[in-house]
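This report concerns only the one structure given below.
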Amino acid sequence: MIRDLILENRSYRRFYQEVSVKLEILRELVELARLSASAGNMQPLKYILSSDSRKNSLIFPHLAWARYLKDWPGPCEGERPAAYIIILGDTEISQSFGCDYGIAAQSILLGAAEKGLGGCMIGSIHKQGLREALEIAPRYEILLVLALGKPKEAVVIETVGASGDIKYWRDSRGVHHVPKRLLADLIID
Ligand SMILES: Cc1cc2nc3c(=O)[nH]c(=O)nc-3n(C[C@H](O)[C@H](O)[C@H](O)COP(=O)(O)O)c2cc1C
């Protein structure tokens, strides 16, 4: 089951924008992050939730999408995320956030996959712009944005070929292909 969920949990970048994700669902997803591992059990992460179109429109302009799809500027109006979870580090609790936010992000996205939703971790953020748009206090470091919604694209896993190229691509039918390295190439013996 965990394998199925992980296979389903691809990075989706186009959504049925009109299918809303309720705030209560976002709270349930953050609950999964709350229960996840944290270095030294410091639990320094905080979250901003957004599920309404006004707030979503303040977040969207500060995100960069799919760097390898050079001709694609990101999802168009109508295909944008219906919700976001912004992961923050509270510097009054800790000065370093290690892998905590990656673990939290994965818990949230696996939970979303289980609910038939999908999303994408966005680390390429115009942080100052986002801070100003949402009036995020200086005590919070912006770490990661999770875009969420009902996926409107197919994503297929491929094998990294002999060239070693790991760049994902989109084919003429709009299917997104993601090359993964072989298991034999990951395990060092
Ligand atoms: C820490 C992190 C940051 C990422 N940042 C971005 C980003 O800024 N923009 C984006 O479009 N995708 C981003 N991604 C998604 C990756 O491109 C994606 O995970 C990768 O292409 C593999 O696809 P998969 O998630 O479907 O396995 C990020 C992923 C991770 C783990």
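Under the shape rule built on the C-alpha gyration tensor, where the axes satisfy a ≥ b ≥ c, segment 94-141 is oblate, since a/c reaches at least 1.5 while a/b does not exceed b/c. Computed extension gain for Ile93 through Lys115, at 0.36 nm per residue and net of the alpha carbon distance, reaches 4.8 nm.
Can you tell me the relative contact order of the chain? Whole percent, Cα pairs under 8 Å, sequence separation 6 or more. Don't jump to the answer; show the numbers that get you there.
Numbers: 336 pairs, mean separation 55.4, N = 189.
That works out to 29 percent.
Listed by chain and number, the lysines placed with their C-alpha closer than 17 angstrom to that of Lys167 are Lys70, Lys180; residues fewer than eight positions away on the same chain are left out.
Computed over protein heavy atoms with a 1.4 Å probe, the accessible surface of segment 3-95 works out to 57 Å² per residue. Taking max minus min of the alpha-carbon positions on each principal axis, segment 123-174 gives extents of 46, 28, 15 Å, largest first. One quarter of the convex hull surface built on the alpha carbon atoms of the chain amounts to 12.5 nm², the projected area averaged over directions.
In segment 21-103, the portion of solvent-accessible area held by carbon and sulfur atoms comes to 53 percent [1.4 Å probe, whole percent, DNA, RNA and ligands not counted].
Partners of Lys55 within straight-line reach, counting lysines whose Cα lies under 26 Å from its Cα and excluding those fewer than 8 residues away in the same chain: Lys22, Lys46, Lys115, Lys127, Lys150, Lys152.
Could you please put Trp169, Trp65 in sequence from largest to smallest accessible area, using a 1.4 Å probe?
Numbers: Trp169 110, Trp65 20 Å².
Most to least solvent-accessible, the answer reads Trp169, Trp65.
Just to make sure I understand: if all protein chains stay in place, what is the order of Asp189, Asp100, Asp52, Asp4 by accessible area at 1.4 Å, largest first? Mind dumping the intermediate values first?
Working: Asp189 180, Asp100 10, Asp52 70, Asp4 90 Å².
Listed by decreasing accessible area, they come as Asp189, Asp4, Asp52, Asp100.
The values are calculated or read from the model by the stated rules, or taken from the named source; none is laboratory data. Computed from a predicted structure; not experimentally measured. When the accessible area is computed, the model is the full protein with side chains, heavy atoms only, and any ligands, DNA or RNA have been set aside. Shrake-Rupley method; radii C 1.70, N 1.55, O 1.52, S 1.80 Å.
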